[in-house]
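The values are calculated or read from the model by the stated rules, or taken from the named source; none is laboratory data. From a predicted model like this one, the values you see are computed outputs, not experimental measurements. Here Cβ is always computed from backbone atoms with ideal geometry, including for glycine, and neighbour counts include all displayed protein chains.
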Amino acid sequence: MLEKGKISPRQAAWLLIAFLMGSAILLIPSAVASTARQDAWLSMILALIAGLGIAAVYTSLSGRFPGQNFIQLSEIILGRYAGKTAGLAMIWFALHLGSLVLRNFGDFLTITILQQTPMVMINAVIILLAAQSVKMGLENLSRVNDLLIPPMIFFLLMITLLAIPETEFTRLLPAMENGLKPVVAGALTATGFPFAETFLFTMIIPYVSPFHRAKRALWMGILAGGLLLTIIILRTILVLGPAATARFWYSVLESVKMIDIFNIIQRIESIVIIFWIGFGFMKITVCLYAFVLGLAQWLNLKDYKPIAMPAEAL
């Protein structure tokens with residue numbers, strides 16, 4: 001194996017939660033609410049079910065071929081040439097997705113808190129840190145993620161509780177006003193982004209130890225991440241309403257700005273931004289890891305770490 005490190009099922013689940021939250025925590029409420037309106041939370045539940053189904057497919061394949069990542073699986077199942085083509089498609093997707101997430105966070109930071117900073121400088125810092133994290137290996141990356149994710153999740157749940165005074169449940173009515181079609185359309189959006197993207201974890205599953213617990217760990221990660229995103233969408237709609245949720249590009253941030261507890265707890269969006277940067281960084285790093293490891297596997301190299309830094313230029 002090119003990757004010598006091993007991670008526990010718990011670490012795999014935490015890593016998957018961070019990956020799911022990634023840029024979705026910023027963009028998914030407005031993306032789904034623009035179609036499903038006040039029923040966006042229902043769309044998210046349907047997307048979560050679909051995400052578990054997608055995970056069942058690739059975890060089952062990994063279970064049938066233990067220790068084999070997507071590049072190796074493709075050649076075993078499809079043959080050498082078709083498998084190489086499928087592997088190249090996965091490598092391109094990992095690079096493309098990582099680039100999109102990097103651009104999302106560059107846009108977000110330049111719009112919100114770093115207006116005078118060139119985006120290229122922000123992106124350069126993020127990608128340099130991500131490349132260094134990839135060079136340190138999957139095991140070290142997962143250990144850092146273990147330190148970041150629990151407090152992030154706790155803080156997000158606390159924000160939900162602090163937002164209760166600003167919520168109005170009438171903003172969820174009328175339920176399914178335009179029938180089932182908008183709900184399904186919103187679910188398709190959320191299924192593609194972010195649940196379908198988790199197939200990149202086929203590059204990580206072989207390094208989960210014990211291997212027989214990897215499937216359950218990934219399912220739990222998707223379930224936890226999906227529920228957190230559902231809570232975020234629901235809270236945003238309850239605070240802003242469906243129209244404002246769809247209109248604001250970063251509607252989650254707008255809902256947090258409205259929190260004001262006795263003029264003491266307020267203006268906490270800066271803390272939220274810090275946590276969101278952590279989520280985004282982990283997703284970018286996982287994408288870069290999948291790209292670098294996949295490329296090294298595809299080219300039959302003996303080690304993937306030397307190409308981590310050159311890959312950042314792409």
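Specify the residue that is farthest from Phe19 (Cα to Cα); the eligible residues are those in the stretch 98-134 that are surrounded by 18 or more Cβ atoms within 10 Å (Cβ to Cβ) and of a type in the set (S, T, N, Q).
Selected residue: Asn123.
Residues being over 20 Å from Phe201 (Cβ atoms) and of a type in the set (A, V, I, L, M): count how many of those fall in the stretch 93-130.
Residues flagged as over 20 Å from Phe201 (Cβ atoms) and of a type in the set (A, V, I, L, M) within the stretch 93-130 amount to 14.
Would you check which residues across the stretch 188-238 are surrounded by 20 or more Cβ atoms within 10 Å (Cβ to Cβ) and among the aromatic types (Phe, Trp, Tyr) and list them?
Phe195, Phe201, Tyr207
Among the residues of the stretch 154-167, are any within 18 Å of Trp14 (Cα to Cα) and either in contact with a strand residue (DSSP E or B) (Cβ under 8 Å, 6 or more places away or on another chain) or among the small types (Gly, Ala, Ser) (or both)?
no
Is it the case that Gly137 is surrounded by 15 or more Cβ atoms within 10 Å (Cβ to Cβ) and on the phi > 0 side of the Ramachandran plot?
Yes: the conditions hold for Gly137.
Could you check, for the stretch 183-202, whether at least one of its residues is part of a helix (DSSP H, G or I) and touching a Lys or Arg at 6+ places or on another chain (Cβ under 7 Å)?
no
Among the helices (runs of 4 or more DSSP H) confined wholly to the stretch 204-273, which include 2 or more residues that are modelled with pLDDT of 90 or more? Let's see the steps before the verdict.
Numbers: elements: 214-240, 242-247, 251-257.
Qualifying helices (runs of 4 or more DSSP H): 214-240, 242-247.
Among the numbered criteria (1) modelled with pLDDT of 95 or more; (2) within 27 Å of Lys135 (Cβ to Cβ); (3) not charged (D, E, K, R), which single criterion is violated by Ala40?
Result: Ala40 passes all but (2).
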